[in-house]
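For reference, the structure discussed in these notes is given below.
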Amino acid sequence: MAKEMNFKQELVGCFGFPVAENPTQAMIEPAFDDLGLEWRYLTLEVTPENLKDAVLGARAFGFKGFNCTIPHKVEVIKYLDGLGSSAELMGAVNCVVNREGQLIGENTDGKGFVSCLKKISDLENKSCIIFGAGGAARAISVEMALSGCSNITIVNRSRNRAEELIDILNGKVNECCSQDISAQMVEWTDTYDVPEDTDYVINATSIGLYPDVNAKINVNMASINSSMIVADVIPNPPKTHLINDAKERGCTVIDGLEMLVGQGVIGIEYWTGKTPSSKIMRESLEKIFG
Ligand code: NDP
């Protein structure tokens, strides 16, 4: 019998501005291929004034979902039908999921990071230092707390942003956790010494991102010991100074590509109900970033 023909592909994508350098498509489409799914991931340049129409367009085209990146992660919320619980706590969405016609906002940035960390460590009652207080730091710190981390220090250049995050962590996030959370901020004015009893050291700033690849975070590397797990959110280049220096000191490391893959896996699971190969996704990114 002749095979049934189907030229209609399911659609997902990424809305951002600018978006041309976002590599997510190159990671997601090989994973769809491997799963035998005829799905497309479109990289779509959406200016802020067109965001509302873009979301309407996604509804009209029957998108299964879409990622949101800078500058849409907060703004998109008002065009959605609901939020997942951690996106609600963070007030930011990076992954929209079409659940029976309802567009629901999720945040997979922190979940992706934590899924990488959980492969090598149990987060319960651990202590972490996070550099940065922007979107990535917010997503990571909230998910770390929801996964059992009890002591979180936010080290940030600007005081206001860090204080806002500390209030969220000690307030509504603490209420959702079974453990007590102690979150505090450090104003980052000088070289930072990592306290000896720290379990995780995470760069969640944009320091080191291409093209500023020689930039280093202002931390005393001698205060980082080999029992600490060191992570960097920077995907391009993945081998940042922090990652290289931490490896030299004998630390286990998580680079920005792992986090990117981690959140991509969760996005595909949300959209398709299937678990993709993280190996294929990582290899696709390595072909690009080395
Ligand atoms: P934001 O703009 O929201 O936050 C940037 C943070 O970096 C702020 O805390 C800012 O401090 C700090 N920062 C920037 N430059 C400096 C500097 N020179 N000195 C000290 N602090 C500095 O960005 P996001 O949080 O959204 O993104 C941060 C990084 O995370 C980006 O590079 C992005 O590519 C990466 N990312 C990676 C993901 C992955 O999957 N690998 C996912 C999401 C993000 P201040 O508040 O003082 O301005």
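Points to keep in mind about this one:
- Between the range 200-276 and the range 113-182, the Cα center-to-center distance that results, in Å: 16
- When DSSP beta bridges are restricted to pairs lying wholly in the chain, around 20% turn out antiparallel.
- Backbone N under 18 Å from the SER223 label point (7 Å along Cα→Cβ), restricted to the range 178-194: 183-194
- Here is the P(r) of the chain: all C-alpha pair distances, binned every 10 Å from 0, give 6, 28, 35, 22, 7, 1, 0, 0 in whole percents.
- If R0 is taken as 35 Å, the Cβ-Cβ distance between GLU38 and LYS118 corresponds to a FRET efficiency of 0.65.
- With R₀ set to 30 Å, the beta-carbon distance separating GLU286 from VAL186 gives a calculated FRET efficiency near 0.30.
- Value in Å of the Kirkwood radius, where the range 126-217 supplies the Cα pairs that are averaged: 13.3
- Bins of 5 Å, starting at 0 and running to the largest distance - Cα pair percent for the range 7-118: 2, 12, 22, 24, 22, 13, 4, 1, 0
- Distant-in-sequence amide H partners of GLY82 (H built 1.01 Å from N, under 5 Å): GLY105
- Peptide packing: for 45-51, 168-174, the average count of neighbouring Cβ atoms within 10 Å per residue gives the ranking 168-174, 45-51, highest mean first.
- Net dipole in debye of the chain [+1 Lys, Arg Cβ; -1 Asp, Glu Cβ; about Cα centre; nearest 20]: 520
- Selection of chymotrypsin sites (Phe, Trp or Tyr not before Pro), the range 1-43, meeting DSSP coil and at most 12 other Cβ within 10 Å: PHE7
- Each helix, a run of at least 4 DSSP H residues, gives -39500 (n - 2.57); summed and divided by the residues of the chain, these come to -10000 deg cm²/dmol at 222 nm.
Each value in this text was obtained by applying a stated rule to the coordinates, not by laboratory testing. The structure displayed is predicted, hence computed values, not measured ones. Cβ: placed from backbone, ideal geometry, glycine included. Neighbour counts: every protein chain shown.
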